[in-house]
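Before any comments, here is the structure.
The values are calculated or read from the model by the stated rules, or taken from the named source; none is laboratory data. All values derive from a computational prediction rather than experimental measurement. All Cβ positions, even for glycine, are placed from backbone atoms using ideal geometry, and neighbour counts span all protein chains on display. Please note that ligands, DNA and RNA were not included when accessible areas were found on the heavy atoms of the full protein model with its side chains. Shrake-Rupley method; radii C 1.70, N 1.55, O 1.52, S 1.80 Å.
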Amino acid sequence: MDILVAGEKVWCRAQTLRFVPNSALAALANHNAPDVDRPAREFRWVLDWCRASGLKATPNDPELRHNLLAEADYWGLQPLHAQITEYN
């Protein structure tokens, strides 16, 4: 499915969005071509984390980790939040 993120087209499967059931990210799978006003770089990273079934390594960059923590909270991705918090 196509998602417009901060003006950039991003493609992913609906099942990728549903990696963390009952999250706000999973709810996007119920919309046709959603438009998301979130930072594209971090959103793509979150999608890659979902594609990797949560096994994507936490980045070393503290600023990116901080931004990803905000995205985890925004989207309701508790496993990602826990992974980032544990890394610190």
Check your understanding: By the scheme Lys and Arg +1, Asp and Glu -1, what is the net charge of all other residues having a beta-carbon under 12 Å from that of D35?
Key -> -1
Practice item. Taking only protein heavy atoms into account and a 1.4 Å probe, give the accessible area per residue of the chain in Å². Key: 58 Å²
Review point. Roughly how many percent of the accessible protein surface of the range 46-88 is carbon and sulfur, given a 1.4 Å probe and a whole-percent answer?
Key: 51 percent
Check your understanding: Which shape class applies to the chain: rounded if a/c is under 1.5, otherwise prolate when a/b exceeds b/c and oblate if not, where a ≥ b ≥ c are the square roots of the Cα gyration tensor eigenvalues?
Key -> prolate
Practice item. Read phi for every residue in the range 11-24 and hand back ³J(HN,Hα) as whole Hz from Karplus 6.51 cos²θ - 1.76 cosθ + 1.60, θ = phi - 60°, with x for Gly and Pro. Key: 10, 7, 7, 4, 5, 5, 5, 8, 3, 10, x, 6, 8, 5
Check your understanding: Given a Förster distance of 30 angstrom, what is the FRET efficiency for D35 paired with L55, based on the Cβ-Cβ distance and rounded to 0.05?
Key -> 0.55
